[in-house]
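Structure, as structure tokens:
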Amino acid sequence: MEPLAHPNLLANKLTQEMRLSLVFLAVLALLPLGVSSPYWLGVLIVSMYFAMLACGWNLLAGYAGQFSLAPAAFAMLGGYTTGLLAFHWGVPLWLGLPLSAVLPGLVGLALGRIVLRLSGPYLALTTLSFAEIVRLVIYNSIDFTRGDQGLHVPALLESRVGNYYLFLAALAAITLLIYLLLRARPGRFLQAIRDDEIGAASRGIDVVRYKTLAFLISCAICGFAGGLYGTFAQLVSPELGIVTQTGMVIAMVVIGGMGTLVGPLLGAVLVYVASELLRDAGNIQMIVFALLVIIFARFFREGLWGLARRAALRRSAGANASARGA
């Protein structure tokens, strides 16, 4: 028995969103043709790093209904995995980068088996506590991690344009991975759990198993993003895992559109670029984005993507009505 009443409707919605995601990624691919400034190319690269985090968090919160406050902590774990392996043991990046996804994924698997039996504020508080513990351990392990001095990470590519397209390719691969997961049976189970956890369990879905799967994949995506970011910035530090980084990720998803494929991509790029534009106005970015999150969560729960879709539907309905009247 299928967990969702209209699997074809879900598949069509996902396919439409995937096509729009590909269009958005294609637009990003063309931007270096008109953006020559190394600074703004760097801003766009970092926005794509946040887009990866947003996609990972959206899989867990938007599609599985599990509110974690640790995406930045897992990105930090991924960055330190790549950095420490290269710094202490000379492990090449072609091996360190995959491990930046594997280790956070395994940590997420172990943590998920414990915390995903909780729900609501208890899950959020537990993941927040975990994130702060990990950050403080890294901060205070000066002999091993170099603490707040930061840890040097070798560069994977020297060219800024090369890094741009590397991040773009990684973001496209993550988007495709999430799309394929959601089109498959586990993806429908996750959305059934999000919509009615008790009902999903009563229909034979192993709720903890599928929530743990989503947590594992989300943590692996965030870890890989952190590892890739480390090779671009050539430095990782405990600042990667601070709570405000997680707040930024949540703002991006909520503003762009939670529970959609294209929303986190749109939200991440717009929010991060806007934060750079607001930098000269003082440290007010998080205040502005916090207010926007409150407004969108209260009045526009589908985010910018939802607003655009409703506007398109209204325009289409108006055009059809005019055609019938003629």
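What to note about this one:
- Answer residue from region 80-111, given it is open to solvent by less than 10 Å² (accessible area, probe 1.4 Å) and in contact with a Cys (Cβ under 7 Å, 6 or more places away or on another chain) and is modelled with the lowest pLDDT among those: Gly108
- Restricting Gly199, Gly227, Gly223 to those that are open to solvent by less than 50 Å² (accessible area, probe 1.4 Å), without any contact (Cβ under 8 Å) to a residue 24 or more places away in the chain and part of a helix (DSSP H, G or I) reduces the list to Gly199.
- Top-ranked residue of region 260-292 - restricted to ones that are open to solvent by 30 Å² or more (accessible area, probe 1.4 Å), of a type outside the set (A, V, I, L, M, F, W, C) and assigned to a helix (DSSP H, G or I), ranked as farthest from Thr246 (Cα to Cα): Asp280
- Restricting the search to helices (runs of 4 or more DSSP H) fully inside region 1-92 and requiring at least 2 residues that are more than 16 Å from the chain's Cα centre (by Cα) and either within 18 Å of Phe224 (Cα to Cα) or among the β-branched types (Val, Ile, Thr) (or both) gives 7-30, 71-89.
- Qualifying position, being within 23 Å of Gly150 (Cβ to Cβ), without any contact (Cβ under 8 Å) to a residue 60 or more places away in the chain and of a type outside the set (Gly, Ala, Ser), among Leu85, Leu97, Leu77, Leu103: Leu85
- Per this entry, Val254 is counted among residues that are in a helix (DSSP H, G or I) and within 12 Å of the chain's Cα centre (by Cα).
- Those residues of region 202-219 which are part of a helix (DSSP H, G or I), open to solvent by 20 Å² or more (accessible area, probe 1.4 Å) and in contact (Cβ under 8 Å) with a residue 60 or more places away in the chain, in sequence order: Val208, Tyr210, Leu216, Ile217
- Residues being under 16 Å from Gly112 (Cβ atoms), of a type in the set (Val, Ile, Thr) and touching a residue at least 24 places away in the same chain (Cβ under 8 Å) - total across region 123-146: 2
- Residues that are part of a helix (DSSP H, G or I) and open to solvent by 80 Å² or more (accessible area, probe 1.4 Å), drawn from region 112-135: Arg113, Ile114, Pro121, Tyr122, Leu125, Ile133
The values are calculated or read from the model by the stated rules, or taken from the named source; none is laboratory data. Since we're looking at a predicted model, the values are computed, not measured. Cβ sites come from the backbone with ideal geometry, for glycine too, and all protein chains shown count toward neighbours. Note: accessible area is taken over every heavy atom of the protein model, side chains too, but ligands, DNA and RNA are not part of it. Shrake-Rupley method; radii C 1.70, N 1.55, O 1.52, S 1.80 Å.
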